[in-house]
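First comes the structure, then the notes that go with it.
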Amino acid sequence: MRTVLLAAAAYNVLWGGFVVFFPLALFRVLGMEPPNYPQIWQCVGMIVGVYGVGYAAAALDPLRHWPVVLAGLLGKILGPIGFLSAVVGGTLPLSFGLTILTNDLIWWFPFALILLRAYQTNRMPQETNACTSTGRRPSMHESSAPRNLSNELEGAFRSMESCIVVGAGLSGLVAARTLQDAGVRVTVLEKEEKVGGRMRTDLVDDGVFDHGAQFFTVRSERFEEMVESWISAGVAEEWTRGFADPSGEYQEDGHPRYKGTRGMTAIAEHLAQDLDMLTGVQVSGLHWDERGWEVVAGSSVHTADALVLTPPSALALVDDNGLPLPEEARQVLENIDYAPCIAVMALLDGPGEVPDPGGVQVGGDPLFWIADNRKKGISEVPAVTIHAGPEFSREHASSDDATVARLLLEEAKDYVRTGVKATAVYRWEYSQPTNPHDESFLYVEGPPPLVFCGDAYAGPKIEGAVTSGLAAAGKLLESAARP
């Protein structure tokens, strides 16, 4: 629907502009006498162009702005009627009908489908709640197990046509992908310039660094199926079945650790394919009523029937916009806490001394983890990632990057033992949930529905983030499918 309206908008603006700037061109092409008052024809072009602006606005939410589509369809019906009358009366040649074909006739069917969809949606009985008249948000529901989303949900009755997902970390991407696969129109808003959250791969000169999540493991069958699909797509592969301990001795335990083939971001980019994704936009406004959500992100406004919030700072976003929450939900969000982590990316001028397979789980503080991205197989040049422990990261939250890099490189000197060509520092304020919620998501029933998810809800690992995203999407679809 949005694609049709955006195409109609572009066509109208281009056609209207052509008529305004070249009012006689069409008449010459068709071999017709030019009009005595071309200014009237230019006015027609202006009107057509203004309709294009209306179609572009309606494309933001076609089902809500159906009157614009109806006005457009009426014009496209009346236009051909007027043309036939002029042909019968001998005032217009039949060749002028070429404009009727492209301006009007080809749009009848798609516009009619949009209106039919809007009619079907608006005539559905809306869920009511006794609390909505007081302006207080209704009750909270939680679930710990991800649901198996069957094909029955795709064809089920649904009052939820659209959803906004804030945050393009792994949990948000999985939720968005699950909802879109079930037929929901999804928009994802991400403040960073790239997707993935802590699945982050960056460059320092020629070096490639995973400096957020380093690997992931698999425990559940559902996640195993997803990982197998990533491997088949060429974006993930097994890295190792153990790491070296601080003494440098390899400790194999038989459990596969997986990585992104080109870095961890590759998996997130794979999940983000074909999603309506806006990156580099900061969400600043959240507004709701019984009809749905309105989200202000950057200079744009987005509307949807449901909202998924995945950022660790979701409670602050809710409070900044004065959104009321049930006391139980607020307590859950206030209890969630995170440990920080400072990551240092160091580009080396020669091979380092990180033992095979390229990672050491030190587990201490200041030095918590060190990885050789070249041995990991994602960088062509020597490049090490150093993770600090939480206490060091808190203590040096405001220290300058040069000081942080110097201190951590000194701690990791036994694993580096070569010159350092360049460094970069990244501060993960929300690195590891220290008091995660024991359920997979937090659901605040609407209208309109609101769900919180992320790795602070189903376990502080990549699999937990995926489980949370799946469960959150499943809850929304289940709630919308209720008769």
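Suppose we filter the stretch 229-253 for residues that are among the aromatic types (Phe, Trp, Tyr) and more than 36 Å from the chain's Cα centre (by Cα); how many remain? Even if it seems obvious, please write down each step before you answer.
The first filter runs over the stretch 229-253 and keeps only residues among the aromatic types (Phe, Trp, Tyr), leaving 230, 239, 243, 250.
Imposing the further condition that a residue be more than 36 Å from the chain's Cα centre (by Cα) reduces the set to 250.
Residues meeting the conditions: 1.
Please list, ordered by first then second residue, the pairs with beta carbon atoms under 7 Å, 6 or more apart or interchain, first in the stretch 249-267 and touching a residue at least 24 places away in the same chain (Cβ under 8 Å), second among the basic types (Lys, Arg) and not in a strand (DSSP E or B).
Once the first residue is touching a residue at least 24 places away in the same chain (Cβ under 8 Å) and sits in the stretch 249-267, its partners that are among the basic types (Lys, Arg) and not in a strand (DSSP E or B) give Lys259/Lys376; Met264/Arg200; Thr265/Lys194; Thr265/Arg200.
How many residues are part of a helix (DSSP H, G or I), open to solvent by less than 10 Å² (accessible area, probe 1.4 Å) and of a type in the set (A, V, I, L, M, F, W, C) when one looks only at the stretch 320-373? Write out each step before concluding.
Within the stretch 320-373, the first condition is being part of a helix (DSSP H, G or I), and the residues that meet it are 320, 327-335, 373.
Next, only the ones that are open to solvent by less than 10 Å² (accessible area, probe 1.4 Å) stay: 329, 373.
Checking the rest, the ones that are also of a type in the set (A, V, I, L, M, F, W, C) come to 329.
Residues in the stretch 320-373 being part of a helix (DSSP H, G or I), open to solvent by less than 10 Å² (accessible area, probe 1.4 Å) and of a type in the set (A, V, I, L, M, F, W, C): 1 in total.
Hey, could you check the stretch 424-453 for residues that are touching a Gly at 6+ places or on another chain (Cβ under 7 Å) and not hydrophobic (A, V, I, L, M, F, W, C) and say which is most open to solvent (accessible area, probe 1.4 Å)?
Kept after step one, since they are touching a Gly at 6+ places or on another chain (Cβ under 7 Å), are these residues of the stretch 424-453: 428, 436, 448, 453.
Within this subset, residues satisfying the condition of being not hydrophobic (A, V, I, L, M, F, W, C) are 436, 448.
Working: Pro436: 54, Pro448: 3 Å².
Filtering first and then ranking leaves Pro436.
Can you spot a residue in the stretch 213-228 that is farther than 15 Å from Trp369 by Cα, part of a helix (DSSP H, G or I) and of a type in the set (S, T, N, Q)? Explain how you work it out, then say what you get.
At the first step, the residues of the stretch 213-228 found to be farther than 15 Å from Trp369 by Cα are 217-228.
After this cut, where a residue has to be part of a helix (DSSP H, G or I) as well, the list is 221-228.
Now drop any that are not of a type in the set (S, T, N, Q), which leaves none.
Within the stretch 213-228, not a single residue is farther than 15 Å from Trp369 by Cα, part of a helix (DSSP H, G or I) and of a type in the set (S, T, N, Q).
Which condition number in (1) in contact with a Leu (Cβ under 6 Å, 6 or more places away or on another chain); (2) more than 30 Å from Trp293 (Cα to Cα) is the one that Leu450 fails?
So Leu450 meets the others, but not (2).
Which one is modelled with the highest pLDDT among residues in the stretch 240-255 that are assigned to a strand (DSSP E or B) and open to solvent by 30 Å² or more (accessible area, probe 1.4 Å)? Working first, answer last.
Within the stretch 240-255, the subset assigned to a strand (DSSP E or B) is 240-244, 250-255.
Those still in the list that are open to solvent by 30 Å² or more (accessible area, probe 1.4 Å) too: 241, 250-255.
Working: Arg241: 96, Tyr250: 90, Gln251: 89, Glu252: 89, Asp253: 89, Gly254: 88, His255: 93.
Top of the filtered list is Arg241.
Among the residues in the stretch 80-90, are any assigned to a helix (DSSP H, G or I), within 26 Å of Cys163 (Cα to Cα) and modelled with pLDDT under 90?
Within the stretch 80-90 (the criterion being assigned to a helix (DSSP H, G or I), within 26 Å of Cys163 (Cα to Cα) and modelled with pLDDT under 90), the answer is no, since none of the residues qualifies.
Part of a loop (DSSP other than H, G, I, E, B), open to solvent by less than 60 Å² (accessible area, probe 1.4 Å), touching a residue at least 40 places away in the same chain (Cβ under 8 Å) and farther than 24 Å from Pro246 by Cα - does that describe any residue in the stretch 462-482? Walk me through it before giving the result.
Within the stretch 462-482, the subset part of a loop (DSSP other than H, G, I, E, B) is 481-482.
Next, only the ones that are open to solvent by less than 60 Å² (accessible area, probe 1.4 Å) stay: 481.
Those left that are additionally touching a residue at least 40 places away in the same chain (Cβ under 8 Å): 481.
Next, from what is left, pick out any that are farther than 24 Å from Pro246 by Cα: 481.
Checked against the condition, which is being part of a loop (DSSP other than H, G, I, E, B), open to solvent by less than 60 Å² (accessible area, probe 1.4 Å), touching a residue at least 40 places away in the same chain (Cβ under 8 Å) and farther than 24 Å from Pro246 by Cα, the stretch 462-482 yields at least one hit.
Looking only at the stretch 420-461, count every residue that is in a strand (DSSP E or B) and touching a His at 6+ places or on another chain (Cβ under 7 Å) and tell me the total.
From the stretch 420-461, those in a strand (DSSP E or B) are 420-433, 441-444, 450-452; that's our starting set.
If we keep only those that are touching a His at 6+ places or on another chain (Cβ under 7 Å) as well, we get 426, 443.
Residues that pass the stated criteria total 2.
Yes/no per residue for (1) closer than 16 Å to Trp15 by Cβ; (2) aliphatic (A, V, I, L, M):
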position	(1), (2)
Arg64	no, no
Gly75	yes, no
Gly82	no, no
Pro93	no, no
Ile100	yes, yes
Ile106	yes, yes
Ile114	no, yes
Tyr119	no, no
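Is there a residue being out of contact with any Pro (no Cβ under 6 Å at 6 or more places or on another chain), outside any loop (DSSP other than H, G, I, E, B) and surrounded by 22 or more Cβ atoms within 10 Å (Cβ to Cβ) anywhere in the stretch 400-409?
Taking the stretch 400-409 as the starting set, the residues that turn out to be out of contact with any Pro (no Cβ under 6 Å at 6 or more places or on another chain) are 400-409.
Now narrow it down to the ones that are outside any loop (DSSP other than H, G, I, E, B): 401-409.
Subset that is surrounded by 22 or more Cβ atoms within 10 Å (Cβ to Cβ): 404, 408.
Within the stretch 400-409 (the criterion being out of contact with any Pro (no Cβ under 6 Å at 6 or more places or on another chain), outside any loop (DSSP other than H, G, I, E, B) and surrounded by 22 or more Cβ atoms within 10 Å (Cβ to Cβ)), the answer is yes, since at least one residue qualifies.
Any residue in the stretch 64-71 that is out of contact with any Lys or Arg (no Cβ under 6 Å at 6 or more places or on another chain) and not in a helix (DSSP H, G or I)?
Taking the stretch 64-71 first, the residues out of contact with any Lys or Arg (no Cβ under 6 Å at 6 or more places or on another chain) are 64-71.
Add one more test, that the residue is not in a helix (DSSP H, G or I), and what stays is 64-65.
Yes, the stretch 64-71 has at least one match.
Tell me yes or no: at least one residue of the stretch 375-390 is without any contact (Cβ under 8 Å) to a residue 60 or more places away in the chain, surrounded by 15 or more Cβ atoms within 10 Å (Cβ to Cβ), farther than 22 Å from Thr434 by Cβ and not aliphatic (A, V, I, L, M).
Yes, the stretch 375-390 contains at least one residue that is without any contact (Cβ under 8 Å) to a residue 60 or more places away in the chain, surrounded by 15 or more Cβ atoms within 10 Å (Cβ to Cβ), farther than 22 Å from Thr434 by Cβ and not aliphatic (A, V, I, L, M).
Of Ser232, Ser299, which residue is open to solvent by 50 Å² or more (accessible area, probe 1.4 Å), of a type in the set (Ser, Thr, Tyr), within 30 Å of Cys163 (Cα to Cα) and at pLDDT 95 or above? Even if it seems obvious, please write down each step before you answer.
Numbers: Ser299 fails: at pLDDT 95 or above.
Step by step, each of Ser232, Ser299 is checked, and only Ser232 is open to solvent by 50 Å² or more (accessible area, probe 1.4 Å), of a type in the set (Ser, Thr, Tyr), within 30 Å of Cys163 (Cα to Cα) and at pLDDT 95 or above.
Determine which member of the set Val19, Val13, Val4, Val44 is modelled with pLDDT under 85, under 28 Å from Ala112 (Cα atoms) and open to solvent by less than 80 Å² (accessible area, probe 1.4 Å). So that I can check it myself, show each step before the final result.
Values: Val13 fails: modelled with pLDDT under 85; Val4 fails: modelled with pLDDT under 85; Val44 fails: modelled with pLDDT under 85.
Just one listed residue meets the conditions, Val19.
Exactly one of (1) within 23 Å of Leu470 (Cβ to Cβ); (2) among the acidic types (Asp, Glu); (3) surrounded by 14 or more Cβ atoms within 10 Å (Cβ to Cβ) is unmet by Asp202. Its number?
(1)
Might you check whether a residue that is surrounded by 20 or more Cβ atoms within 10 Å (Cβ to Cβ), over 25 Å from Thr3 (Cβ atoms) and in contact with a His (Cβ under 7 Å, 6 or more places away or on another chain) occurs anywhere in the stretch 263-274?
Within the stretch 263-274, none of the residues are surrounded by 20 or more Cβ atoms within 10 Å (Cβ to Cβ), over 25 Å from Thr3 (Cβ atoms) and in contact with a His (Cβ under 7 Å, 6 or more places away or on another chain).
Say whether the condition of being among the basic types (Lys, Arg) and open to solvent by less than 40 Å² (accessible area, probe 1.4 Å) is met by at least one residue in the stretch 74-93. Break it down stepwise before answering.
Going residue by residue through the stretch 74-93, those that are among the basic types (Lys, Arg) are 76.
Then drop every residue that is not open to solvent by less than 40 Å² (accessible area, probe 1.4 Å), which leaves 76.
Yes, some residue in the stretch 74-93 is among the basic types (Lys, Arg) and open to solvent by less than 40 Å² (accessible area, probe 1.4 Å).
Suppose we keep only residues that are assigned to a loop (DSSP other than H, G, I, E, B) and not β-branched (Val, Ile, Thr) within the stretch 410-419. Which one would you say is least open to solvent (accessible area, probe 1.4 Å)? Steps first, please.
Pass one, the stretch 410-419, residues assigned to a loop (DSSP other than H, G, I, E, B): 412, 417-419.
Checking the rest, the ones that are also not β-branched (Val, Ile, Thr) come to 412, 417, 419.
Values: Ala412: 0, Arg417: 161, Gly419: 28 Å².
So the residue we want is Ala412.
Given the conditions (1) closer than 20 Å to Gly454 by Cα; (2) surrounded by 19 or more Cβ atoms within 10 Å (Cβ to Cβ), report the number of the one that Thr279 does not fulfil.
For Thr279, the failing item is (2).
The values are calculated or read from the model by the stated rules, or taken from the named source; none is laboratory data. Predicted model only: the values in this text are computed from it and were never measured. So basically every Cβ, Gly included, is an ideal-geometry build from the backbone, and we count neighbours across all protein chains shown. Ligands, DNA and RNA are excluded from the accessible area calculation, which covers all protein heavy atoms including side chains. Shrake-Rupley method; radii C 1.70, N 1.55, O 1.52, S 1.80 Å.
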